[in-house]
Amino acid sequence: MPPAYLIVEIEVKDSQAYKAYTAATPAVIAKYGGEFIVRGGRVETREGAAPAGRVVVIRFPSYEKACAFYDGEDYADLLALRLSVTDSRAFIVEGAD
């Protein structure tokens with residue numbers, strides 16, 4: 001079963017509230033077997049439009065686990081918090097075997 005990646009482009013509007021979000025997410029991500037691959041850091045655009053802000057990539061053991069995390073009750077309140085203090089785009093991509 002191939003891994004899956006949750007890729008999120010995040011433009012932070014309230015840095016204090018976002019800090020609370022980033023402090024709480026690692027434990028929930030780990031519960032679904034996820035791990036951070038990218039969590040901010042330098043970005044150099046080579047093609048197309050630059051990301052609006054931070055780029056985050058989280059690897060999960062499967063597409064199903066990634067969806068279960070994102071859609072699950074454990075993440076619902078955190079997602080609502082993130083959506084209230086950021087502008088973002090998120091997508092789940094199935095990786096290669």
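The values are calculated or read from the model by the stated rules, or taken from the named source; none is laboratory data. All figures in this text were calculated on a predicted structure; none of them were measured in a lab. In this analysis, Cβ positions are derived from the backbone assuming ideal geometry, glycine residues included, and neighbour counts consider all displayed protein chains. What goes into the accessible areas is simple: the full protein's heavy atoms, side chains included, and nothing from ligands, DNA or RNA. Shrake-Rupley method; radii C 1.70, N 1.55, O 1.52, S 1.80 Å.
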For this session: Could you give me the residue pairs with C-beta distances under 7 Å whose first residue belongs to segment 5-31 and is closer than 13 Å to Asp77 by Cβ, whose second residue is assigned to a strand (DSSP E or B) and open to solvent by 40 Å² or more (accessible area, probe 1.4 Å) wherever it lies, and which are 6+ apart or on separate chains?
Result: none
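Residue-wise test of (1) closer than 20 Å to Thr86 by Cα; (2) within 13 Å of the chain's Cα centre (by Cα).
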position: Met1; (1), (2): no, no
position: Leu6; (1), (2): yes, yes
position: Ile10; (1), (2): yes, yes
position: Thr22; (1), (2): yes, yes
position: Gly33; (1), (2): no, no
position: Arg42; (1), (2): yes, no
position: Glu47; (1), (2): no, no
Exercise. Does segment 42-51 contain at least one residue that is touching a residue at least 12 places away in the same chain (Cβ under 8 Å), loosely packed, with under 15 Cβ neighbours inside 10 Å and outside any loop (DSSP other than H, G, I, E, B)?
Worked result: no
For this session: For segment 77-92, indicate whether the set of residues that are loosely packed, with under 14 Cβ neighbours inside 10 Å, touching a residue at least 24 places away in the same chain (Cβ under 8 Å), under 12 Å from the mean Cα position of the chain (by Cα) and over 18 Å from Pro3 (Cβ atoms) is non-empty.
Result: yes
For this session: Could you tell me whether any residue of segment 59-74 is under 30 Å from Gln16 (Cβ atoms) and part of a strand (DSSP E or B)?
Result: yes
